[in-house]
Amino acid sequence: MALTDHTETTDVALNTDLYELTMAQGFWESGLVDTQACFNAFFRENPFEGGYAVSCGQGQIADLIDNFVFTDQTIDYLASIPAPAGGALFKHDFLEYLRNFH
C-alpha cells in the first residue's frame, strides 16, 4: 500500500543535479552499477534557532523512489547535453541503461 496518493509513475529524474548523473555514469563505466550507493535527504540546521526539527515527507520520498523512471523525453534531453571537451556528455549505452532503469 502506498504511503501517499502519488503512486503513479512520474518523471522526476531531472530533479537532481548533473553531478549525480555523471557519477552514475562513472559507476556504470567502472562496472559498479550493481554496487549499492547512498543518497541523503537532509537540511543543514534547525530553523529559527530551534532545539528540534520535525521531519515529514518520508513516505513521498519512498514513493518517488519506487516510481522513479527516465522518460524518453528526459533521455533525449540528456543525450543533447554536450561534454566540455566536445561530443556528448552521456554515452548512448548508459542512456539506454537509464531508459530501462527501475
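Taking the condition of being hydroxyl-bearing (Ser, Thr, Tyr) and without any contact (Cβ under 8 Å) to a residue 60 or more places away in the chain, how many residues in the stretch 54-75 meet it? Number of matching residues: 1. If you go through the stretch 6-57 and keep only what is aromatic (Phe, Trp, Tyr) and modelled with pLDDT of 80 or more, you end up with TYR19, PHE27, TRP28, PHE48, TYR52. Here is the figure for the stretch 58-84: residues that are of a type in the set (A, V, I, L, M, F, W, C) and at pLDDT below 90 total 6. Filtered by the rule that a residue be touching a residue at least 12 places away in the same chain (Cβ under 8 Å) and over 11 Å from the mean Cα position of the chain (by Cα), the stretch 23-53 gives GLN25, TRP28, GLU29, VAL33, ALA41.
The values are calculated or read from the model by the stated rules, or taken from the named source; none is laboratory data. Computed from a predicted model, the values in this text were never measured in an experiment. When we count neighbours, we look across all protein chains shown, and the Cβ atoms used for this are built from the backbone with ideal geometry, even at glycine.
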